[in-house]
1. With Cβ to Cβ distances under 11 Å as the rule, what net charge do the other residues near Tyr53 carry (K, R +1; D, E -1)?
2. Using θ = phi - 60° and the Karplus curve 6.51 cos²θ - 1.76 cosθ + 1.60, what whole-Hz ³J(HN,Hα) does each residue of segment 167-178 get, with Gly and Pro shown as x?
3. Ignoring everything except DSSP H segments at least 4 long, calculate the 222 nm mean residue ellipticity for the chain; use -39,500 (n - 2.57) per segment, divide by total residues, nearest 500.
4. Mean-square fluctuation check for the chain, GNM, Cα pairs under 10 Å: which of Leu12, Leu127, Leu82 is largest?
5. Write out the trypsin sites (Lys or Arg not before Pro) in segment 6-113 meeting two conditions: DSSP loop, and at most 16 other Cβ atoms within 10 Å of their Cβ.
6. Around Ala9, which amide H atoms from residues at least 5 apart in sequence, or from another chain, sit under 5 Å from its own amide H, with H modelled in the peptide plane?
7. Filter the GluC sites (Glu not before Pro) in segment 63-170 to those in DSSP coil with at most 10 other Cβ atoms within 10 Å of their Cβ, and list the result.
8. Distance cut-off 19 Å, Cα to Cα: go down the list Lys71/Lys103; Lys3/Lys71; Lys3/Lys34; Lys3/Lys105 and report the pairs above it.
Amino acid sequence: MRKITLYIAQSLNGKIAKSDGSVAWLESIPNPDKNDYGYSKFYDSVDTTIQGYTSYKQVIDWGIDFPYAGKKNFVLTRKSNLKSTEHVEFITENPIEFIKQLKNKRGGEIWLIGGGQINTLLLNENLIDEIHVFIMPIVLDGGIEIFEGLPMETKLKVLDSKIYSNGVSEILYKVIHD
């Protein structure tokens, strides 16, 4: 069975984006060592991404080439009038059943990009296997939580942790499925 990893950065107070979906605040974190925090290695292990429509729209609005080209990309959405593109397939019905089937197909790791609603949906259905979180040394004054809504109580086991010289904390958790 394939593994789904939520690989994400958050503020110290658990925000993954500002209220308008912006993640530009990440650029304000000093990175004098030009560290990619293991992103390249993780990205190479992934052949599939899952994200919500709001996260997808935020990336599209950056005005850059689609950053996950070459991967199989699925966008979960309630919008039924969207047409799949060369880069993404929109999943509008039975997202949980779709993801359960996806996990059982052959392939590499699956990256859960976010956002907060999708993170909670998959956490509550026991579909997330690992949470790889980067806690950035900043407190945001509002925004989107890493788990929006009502996440179920979920136990985690720390597999690894690291603190970078610029104050970024990296923690890799295994989700304990009872």
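Just so you know, all these numbers are worked out from the coordinates, no wet-lab data involved. Computed from a predicted structure; not experimentally measured. Here the Cβ positions follow ideal geometry from the backbone for every residue, glycine too, while neighbour counts run over all protein chains shown.
1. +3
2. Rounded to whole hertz, the list is x, 6, 9, 10, 10, 10, 10, 9, 7, 8, 9, 6.
3. That calculation yields -5500 deg cm²/dmol at 222 nm.
4. Leu82
5. Of the trypsin sites (Lys or Arg not before Pro), the ones in loops of segment 6-113 whose Cβ has at most 16 other Cβ atoms within 10 Å are Lys18, Lys34, Arg78, Lys79, Lys83, Lys105, Arg106.
6. It is Phe134, by chain and number.
7. Glu86, Glu93, Glu153
8. The pairs that break the limit, which is 19 Å between Cα atoms, are Lys3/Lys34.
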